[in-house]
Amino acid sequence: MARLYIDGDEARFTKKDICLVDMEFYDGRKIEDLEPRRLFPVSGLMKYISLLDLDGKEHAIIRNVDSLMPESKEVILQSLNEYYLIPKITAIVDCSEKYGILKWTVDTDRGRQSLRIRNRFSDIKVLYDGRILVRDSNDNRYEIPDYRKLDKKSLFFLNSEI
Amino acid sequence: MEIETVLTNKEVPENIRAKFEENVEEGDQLLFIIVGDLTLKSKYGVTSLAVTEKKFMVYDPTLEGELEIYNHSDVLEAKVKRMYGNARLNIIFKDGEGKAGEKKDVFRFTYSVATLCDMAALFIENISAGKKLEEEYDVVHATYEKMMNVCPKCGRTLVRQGAECINCQSKSKIAGKLIKYIKPETKVLVICLFLSIVTTAMALVPPYITGTLVDTVLPNKDRDSLMWIVAALFGTYILQFGIGAIRSYMLRISGDRIVASLRNDVYRKSQSLPMKFYDKTSTGSVINRISGDTATLQSFMLRISQEVVVQFFMLIGIVVIMFILNWRLTLLSLIPVPIVVVGAKIFGRKILPFYRKIWRRWAGVSSVLTDTIPCVKVIKSFAGENRTVEKFERYNDEWLKVDISAAKIATAFPQVVSFFVTCGSLLIWSVGGSWVLSGTGGLTTGLLVSFISYASMFYGPVNFFAYLNDSYQQALSAAEKVLDILDAEDEPDFNKGNCPPIKGKIEFRNVNFSFDRTKKVLSDVNLVFQPGEIVGIVGTTGSGKSTLINLFMRFYDNYEGEILVDDVNIRDIDLQYFRSQIGFVQQDPMMFSDTIYNNIAYGKPDAHVEEVIHAAEIANAHEFIARQPDAYDSMLGERGIGLSGGERQRVSIARAVLKNPSLLIFDEATAAVDSETEHLIQEAIERLISGRTTLMIAHRLSTLRKADRIIVVDKGEIIENGSPEELMAMKGKYYKLVQIQTMADQVKKSKEEENFE
Ligand SMILES: Nc1ncnc2c1ncn2[C@@H]1O[C@H](COP(=O)(O)OP(=O)(O)O)[C@@H](O)[C@H]1O
Ligand SMILES: [Mg+2]
């Protein structure tokens with residue numbers, strides 16, 4: 001079966017559950033209980049969203065969320081937002097190091113959080129566009145959208161890690 | 001049931017605990033509380049899940065009334081749904097009471113408490129299903145206990161409860177750890193130290209003599225004394241440099257011995273590290289540490305054990321002499337000292353981030369190396385040479401950029417400081433010179449000359465101590481990396497010497513496993529295999545078959561539940577003995593670059609030649625080996641280059657045969673070969689397995705025709721388990737797989753027949 005790509009307004013999405021959506025085509029075909037998942041959770045946040053049913057079978061791929069109808073787009077974004085918890089670090093409030101383990105207190109878009117970074121070399125990853133991905137000792141993930149836009153103090157804490 | 005305390009993973013805030021306690025009725029009691037960190041609205045905040053004997057309660061500030069209460073008995077299913085960076089406890093309620101089949105997310109959390117919530121979900125489900133409270137509570141208790149086996153300082157999981165955290169203990173005792181390597185060299189080092197004190201003393205003589213030369217000998221035109229003094233200087237130089245030569249020779253050899261033994265230890269250690277370590281650390285960086293960082297450390301240890309003492313004596317000696325010569329000038333020459341000290345401090349703070357950055361960039365460069373050089377065939381076949389070169393250049397440029405900016409600081413800074421120090425000597429010249437001219441304080445020209453010499457020598461040790469911290473930092477980062485290996489936990493092996501005979505009963509009890517917390521790879525595996533049973537393990541790729549074997553081989557230890565052999569927990573058996581009892585044939589058999597003979601004999605180095613040949617015969621390998629020009633002496637390249645996939649596979653079977661193991665494990669031993677070779681391997685395997693418990697992972701079900709029992713793994717769960725006939729009758733997944741494959745075989749057969757016509 002050829003993969004079904006959704007480009008724009010041929011399908012409409014409605015919210016079903018926290019992470020689930022229903023998909024309805026203009027010809028009336030309807031598929032219920034689909035879970036949108038990013039195919040590129042690191043490198044492409046809005047592109048290539050896979051729609052899986054409850055058994056994990058893929059029914060379609062949205063090429064680009066931005067090209068959907070506004071209400072559908074909103075539904076998909078909400079659902080993705082629920083599924084993917086990658087707090088965006090807006091500031092590093094405090095930083096200490098003991099026994100080789102970094103302890104950060106950070107402000108994120110989800111509130112303040114303390115995290116431990118076990119290996120500063122493998123758990124802090126700097127991408128080319130200034131994005132930094134962080135993984136803490138509990139395998140939770142965080143993201144700094146653009147480190148160059150951080151405040152002075154945060155940059156100071158971050159300086160030796162990038 | 002009586003419980004001692006309510007189990008918790010963290011301090012439960014007083015108000016939350018009070019809320020829970022209010023809602024516990026007579027005859028019920030709180031069992032455990034999980035303190036979470038994420039609200040249902042996906043914001044950070046303190047939440048809690050409390051479980052009692054009869055119900056569970058969720059505290060979440062975003063809930064209406066902040067508290068919701070559910071009865072275990074209403075629950076049909078409780079599952080943890082893992083998402084990305086967070087997970088939810090999802091409940092499906094039983095029919096009735098208007099809740100028919102209702103689904104609800106009741107608790108949300110990040111991965112920090114995911115394991116506990118898994119356990120809670122299972123507990124709730126099992127209690128609702130009417131299982132025994134005591135038994136379920138024991139599981140809960142064990143999970144908490146395991147979870148609490150963390151170092152209070154750094155939060156790492158400890159090997160066992162109360163064990164000293166290797167991580168924290170070491171960083172504070174780095175010096176102590178390294179002294180172990182210096183100790184055998186103590187004698188030599190003490191001699192060297194003594195010699196260097198002598199040379200230091202010698203170095204202090206010439207300036208004094210020059211002073212006399214200027215003050216008395218030259219003005220008096222005393223040729224005899226001049227000759228004597230020159231001779232005396234010559235003598236001191238001979239002593240100074242002669243002894244210096246001997247000393248550096250001795251230092252060199254003892255340094256070599258230190259680094260050699262350090263390297264040996266690191267290598268030995270690298271062999272006993274668990275697979276978990278190698279999953280996370282690139283082999284390139286391990287190799288780097290064994291070959292490069294040990295050398296950095298060695299030079300630092302010598303520095304500490306020698307230079308510090310020497311420079312200290314030098315400093316004291318010079319200051320004393322200077323004070324004796326002229327205390328006023330001495331005070332004058334101390335003026336630049338604070339500049340040096342402060343300068344070095346600033347320098348250290350500025351340069352440390354750069355060391356880290358450089359290391360990071362360098363790790364990038366070497367990762368490209370270790371990635372691409374072994375894959376050169378892939379690169380060439382995809383014409384990717386230019387791309388790899390570009391990638392390498394990009395990483396190398398990054399390194400260059402950082403190293404250049406570090407170079408600015410690393411070179412300019414000390415120069416600026418030296419400049420100020422040198423200007424200090426101008427101060428001595430101008431003040432001291434005018435004193436000589438005016439005859440103040442009895443200062444003579446000679447005295448001034450020798451004083452200036454001492455003053456310039458004086459800044460040597462000052463600089464040394466000022467920058468000691470810096471070189472200490474540099475060594476520290478090398479030490480960190482070396483100790484990272486030296487101190488890493490060994491594969492757990494706490495029962496050395498416990499070598500019970502192994503008959504071959506294998507049991508998995510409630511085994512759960514995930515490589516990292518984000519994805520469960522095996523869930524609730526329960527299996528029993530009888531001695532001598534031949535078990536086929538089937539399932540789609542990625543379903544967890546190899547992982548099951550990896551756990552059994554004890555490559556990974558952090559699973560929950562128990563694995564037993566002959567009713568003994570495998571953790572209680574001597575590790576090396578245990579593995580020596582298993583013949584493991586891997587999916588992609590690794591060969592050493594050695595002769596075929598040695599590759600087979602690897603499992604039993606003292607094997608008799610004929611045993612090896614016999615093993616090769618059983619493995620259907622003898623014939624093709626004999627056909628090689630060098631036969632058993634054929635040298636293999638790296639990773640077995642020079643043999644085809646099927647040949648390598650047979651050599652690896654021969655290797656396993658030779659060990660005469662009690663258990664046999666084949667992980668897709670025939671996946672990568674044609675049907676004829678498969679047939680040969682199949683024969684070999686069948687010859688081998690008689691009477692031994694055998695686990696056989698296979699894609700081609702034809703391989704499993706001798707199996708007594710088949711288990712089907714799907715997404716980490718055992719979904720079918722029984723004799724092939726039973727499974728066929730069940731018409732489940734196995735039945736489907738068989739159908740598909742016979743169909744494929746028929747198609748193939750008819751194709752072949754077509755071709756022959
Ligand atoms: N070292 C590892 N680290 C993380 N995940 C792994 C590792 N090895 C295997 N996995 C994952 O575990 C799952 C099961 O793998 P495996 O047991 O090798 O499957 P198979 O059934 O094909 O042998 C796969 O999804 C795989 O991606
Ligand atoms: Mg496998």
Next item on the list: Kindly express, to the nearest 10 degrees and within the range 0 to 90, the angle between helix B:114-128's C-alpha long axis and the longest C-alpha principal axis of chain B.
Entry: 20
Next item on the list: Work out the length of the dipole vector of chain B about its Cα centre, built from +1 on the beta-carbon of each Lys and Arg and -1 on the beta-carbon of each Asp and Glu, and round it to the nearest 20 debye.
Entry: 3300
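Fully extended, how many nm does the chain gain between A:Glu10 and A:Arg148 (0.36 nm per residue separation, minus their Cα-Cα distance)?
Length difference between fully extended and current span is 45.7 nm.
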Next item on the list: Compute the FRET efficiency between A:Arg29 and B:Thr186 as 1/(1 + (r/R0)^6), taking r as their Cβ-Cβ distance and R0 = 51 Å, and round to the nearest 0.05.
Entry: 0.05
Check: Which of A:Pro87, A:Gly28, A:Asn159 sits farthest toward the positive end of the charge dipole of chain A, with +1 on the Cβ of Lys and Arg and -1 on the Cβ of Asp and Glu?
Finding: A:Asn159
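Please identify the GluC sites (Glu not before Pro) of the range A:1-37 that satisfy two criteria: DSSP loop assignment and at most 14 other Cβ atoms within 10 Å. Which are they? Before the final figure, lay out the partial values.
Working: sites: A:Glu10, A:Glu24, A:Glu32; in loops: A:Glu10.
In loop regions of the range A:1-37 (DSSP not H, G, I, E or B), the sparsely surrounded GluC sites (Glu not before Pro) are A:Glu10.
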Check: Projected onto the charge dipole of the range B:183-294 (+1 at Lys/Arg Cβ, -1 at Asp/Glu Cβ, origin at the Cα centre), which of B:Val230, B:Thr210, B:Cys192 gives the Cα projection farthest towards the positive end?
Finding: B:Cys192
Check: Ignoring ligands, DNA and RNA, how do A:Leu102, B:Leu67 rank by accessible area with a 1.4 Å probe, largest first?
Finding: B:Leu67, A:Leu102
Notebook entry, point to check: Do any trypsin sites (Lys or Arg not before Pro) in the range A:58-162 lie in a DSSP loop with no more than 14 other beta carbon atoms within 10 Å, and if so, which?
Noted result: none
Notebook entry, point to check: Where the convex hull is taken over the Cα atoms of the range B:56-148, what is its projected area averaged over directions, in nm²?
Noted result: 6.6
Notebook entry, point to check: What is the helix-to-structure angle for B:609-618, meaning the angle in degrees between its Cα long axis and the longest Cα principal axis of chain B, kept from 0 to 90 and rounded to the nearest 10?
Noted result: 40
Checklist line | Full-stretch length increase - B:Ile324, B:Val568 - with 0.36 nm per residue and alpha-carbon distance subtracted | finding: 80.0 nm
Item checked: q = 0.13, 0.19, 0.20, 0.22 Å⁻¹, the range B:386-459: log10 I(q)/I(0) [Debye, one scatterer per Cα] -> -0.58, -0.82, -0.86, -0.93
Note to self: What figure, in Å² to the nearest 10, do you get for the accessible area of B:Glu610 with a 1.4 Å probe and non-protein molecules left out?
What the structure shows: 130
Next item on the list: Could you give me the radius of gyration and the Dmax of the range B:588-660, taking only the C-alpha atoms into account and expressing both in angstrom?
Entry: 10.5, 29
Next item on the list: With only Lys, Arg, Asp and Glu charged, each at its Cβ (+1 for the first two, -1 for the last two), find how big the charge dipole of the range B:588-660 is about the Cα centre; round to the nearest 20 debye.
Entry: 220
Notebook entry, point to check: For chain A, what class follows from the C-alpha gyration tensor (a ≥ b ≥ c being the square roots of its eigenvalues): rounded when a/c is under 1.5, otherwise prolate if a/b is larger than b/c, else oblate?
Noted result: prolate
Item checked: the range B:295-342: radius of gyration over Cα atoms, expressed as a fraction of 2.2 N^0.38 Å -> 1.53
Next item on the list: Return the ratio Rg/(2.2 N^0.38 Å) for the range A:5-83, where Rg is computed over Cα atoms only.
Entry: 0.95
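Return the Rg/Rh value of the range B:174-486, two decimal places, where both radii are evaluated on C-alpha atoms and Rh is the Kirkwood radius.
Computed over Cα atoms, the ratio is 1.10.
Could you work out [θ]222 nm for the protein assembly as shown from helices alone, using -39500 (n - 2.57) per DSSP H run of at least four and dividing by all its residues? Round to the nearest 500 deg cm²/dmol.
Details: 27 runs with 432 residues, N = 919.
Rounded to the nearest 500, the figure is -15500 deg cm²/dmol.
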Item checked: the range A:5-83 - percent relative contact order, Cα under 8 Å, separation 6 or more -> 32
Checklist line | Accessible surface ranking that places the most exposed of B:Phe234, A:Phe25 first, with a 1.4 angstrom probe | finding: B:Phe234, A:Phe25
Notebook entry, point to check: Where the centroid of each part is defined by its Cα atoms, how far is the range B:235-297 from the range B:545-615 in Å?
Noted result: 33
Item checked: Lys/Arg +1, Asp/Glu -1 at C-beta; the protein assembly as shown dipole; positive extreme among B:Ile373, B:Asn15, B:Gly36 -> B:Ile373
Item checked: Debye, to nearest 20: dipole size of the protein assembly as shown, +1 on Lys, Arg Cβ, -1 on Asp, Glu Cβ -> 4020
Check: What are the semi-axes of the equivalent ellipsoid for the range A:77-162, taken as the square roots of 5 times the Cα gyration tensor eigenvalues, largest first, in whole Å?
Finding: 20, 15, 13
Notebook entry, point to check: Using 0.36 nm per residue, how much length does the chain from B:Arg705 to B:Val341 gain when fully extended, once their Cα-Cα distance is taken away?
Noted result: 123.1 nm
Next item on the list: With a bin width of 10 angstrom, please list the P(r) values of chain B as percents of all Cα-Cα pairs, from the 0 bin to the one holding the largest distance.
Entry: 2, 10, 14, 17, 16, 14, 10, 7, 5, 3, 1, 0, 0
Checklist line | Accessible-area ranking of B:His141, B:His622, largest first, probe 1.4 Å | finding: B:His141, B:His622
Check: Rounded to a whole number of µm²/s, how large is the Stokes-Einstein D of the protein assembly as shown at 10 °C and 1.306 mPa s, given Rh as the Kirkwood radius over C-alpha pairs?
Finding: 47
Checklist line | Rounded to the nearest 10 Å², the accessible area of B:Asp371 at probe 1.4 Å | finding: 100
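The values are calculated or read from the model by the stated rules, or taken from the named source; none is laboratory data. These numbers were taken from a predicted model, which means no experiment stands behind them. Quick reminder, even Gly has a Cβ in these numbers, built from the backbone with ideal geometry, and neighbours come from all protein chains shown. With ligands, DNA and RNA removed, areas are computed over all heavy atoms of the protein, side chains included. Shrake-Rupley method; radii C 1.70, N 1.55, O 1.52, S 1.80 Å.
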